[in-house]
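What follows is a short report on a single structure.
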Amino acid sequence: MVRNLIVATALMVLIARSATPCTAQTNAELLNYLQQNIKLSQDQIAALHKGEAPAKQLESRSPDEVFLFGVIYVNATPESYIKLAYDFDRLRKLPDYLALEKFSNPPQLSDLKGFDLDSQDIKDLKGCKPDNCDLQIPASTIKDIHQSINWSDPDAEQQVNQMAQKRALQQILDYQEKGNQALGVYNDKHDSTEVPEQFKYMLGYAKVLPKAQPDFYNYLLDYPNGKPANVENMFYWEKVKFGLKPTLRMVQVVTMQGSNAHEPAYIIAEKQLYSSHYFETALDLTYCIRSDDPKQPGFYLIMIMGSEQAGLTGLKGSIVRKAAVGRSVSNLQKSLTTIKNALEKNH
């Protein structure tokens with residue numbers, strides 16, 4: 001529901017496509033997972049065999065939690081998906097991206113050029129108080145902004161954005177050294193959000209994960225400790241428009257390449273480290289699982305998108321949730337189909 005969904009949906013604008021039905025047999029282990037864990041119906045399994053993209057909302061364990069699931073068969077190589085998904089030059093051309101940059105190794109302040117709040121966000125910041133702010137932000141940062149910014153200066157907006165960039169750089173550096181504890185707490189609402197605990201809770205939803213990969217999942221929680229040998233990290237920031245407000249996000253991408261035929265070819269985790277709006281926590285997991293049918297040597301692309309969002313409870317929240325989730329499931333189906341067609345077109 002986060003980056004993968006934005007990217008794939010927007011790709012539909014740029015890619016001329018023609019769907020090719022697929023008749024591949026589903027791997028026995030994968031089929032069991034889809035039926036027993038995800039509860040796909042026989043009609044949905046049949047749709048997968050035809051080259052379609054079954055997608056659904058998974059059962060939530062709390063009112064603020066949203067989990068989406070989607071799967072499709074792609075008659076191409078998993079490597080082609082990796083190349084498409086992280087072609088940043090292509091992504092910058094998509095209409096939902098206002099800015100997108102990869103962090104250097106190690107991250108530099110110059111990487112954050114363009115990491116700017118819009119004028120309305122800056123106006124909202126001026127009136128921010130702990131437990132009552134329109135941006136997701138720690139109480140300590142609210143205090144520092146009020147003490148450091150001279151709001152009467154003509155360059156007050158520039159001062160705010162310079163501070164935001166320095167804070168973002170420090171957060172990335174702290175995270176790379178200390179891991180999840182550096183993500184801290186959001187104090188923008190009455191009930192604070194303990195980001196590290198939310199990540200742990202999300203990864204605890206074990207039954208929705210297609211294969212047991214304890215080293216990979218533990219690394220997402222224990223980073224930077226316990227890195228498996230076949231894992232790579234990448235960090236980027238983006239300014240995206242997937243709601244009413246432009247949103248600044250910082251994301252860690254953790255990619256694990258399978259070491260044998262019994263493991264997924266790739267598992268990719270996109271772990272949100274910060275978001276100025278909407279998502280308190282977000283974790284996208286993508287699995288590329290090679291087909292074991294020699295007549296169809298492609299792969300199954302599975303996307304599981306989890307997030308914690310405020311404002312989904314009560315009468316109004318339940319209405320918002322139903323409408324938003326319904327659109328998201330539909331968009332996920334379209335996104336998977338778009339990816340399939342883009343990859344098969346060049347295969």
Could you state how much accessible area Asp144 has, in square angstrom rounded to the nearest 10, with a 1.4 Å probe and all protein chains kept in place?
-> 50
Pair His347, Ala261: separation of 7 Å Cα→Cβ label points (nm) = 1.9
How high is the FRET efficiency between His49 and Lys200 when r is their beta carbon distance and R₀ equals 25 Å, given to the nearest 0.05?
-> 0.10
Diffing segment 253-259: the Karplus 3J(HN,Hα) column from phi (6.51, -1.76, 1.60, θ = phi - 60°), in whole Hz with x for Gly and Pro, holds 10, 10, 10, 10, 9, x, 9
Considering segment 50-171, what Rg and Dmax in Å follow from its alpha-carbon atoms?
-> 20.2, 63
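Listed highest first by mean packing, meaning other Cβ atoms within 10 Å per residue, what order do 197-203, 64-70 come in? Don't skip to the end; give the middle numbers.
Details: 197-203: 17.7, 64-70: 21.6.
For the peptides 197-203, 64-70, the packing ranking is 64-70, 197-203.
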Cleavage-rule hits (trypsin sites (Lys or Arg not before Pro)) in segment 211-302: DSSP loop, at most 14 neighbouring Cβ within 10 angstrom | Lys241, Lys295
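At a 1.4 Å probe radius, carbon and sulfur cover how many percent of the accessible area of segment 48-90?
Working: 810 of 1660 Å².
C and S atoms contribute 48 percent here.
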Would you mind getting me the FRET efficiency between Lys143 and Tyr86? Use the beta-carbon distance for r and R0 = 45 Å, nearest 0.05.
-> 0.75
Lys, Arg +1 and Asp, Glu -1 on Cβ, resulting dipole of segment 66-115 about Cα centre, debye, nearest 20 = 80
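The values are calculated or read from the model by the stated rules, or taken from the named source; none is laboratory data. What you are looking at is a predicted structure, and each value in this text was computed from that prediction instead of being measured. Cβ: placed from backbone, ideal geometry, glycine included. Neighbour counts: every protein chain shown. With ligands, DNA and RNA removed, areas are computed over all heavy atoms of the protein, side chains included. Shrake-Rupley method; radii C 1.70, N 1.55, O 1.52, S 1.80 Å.
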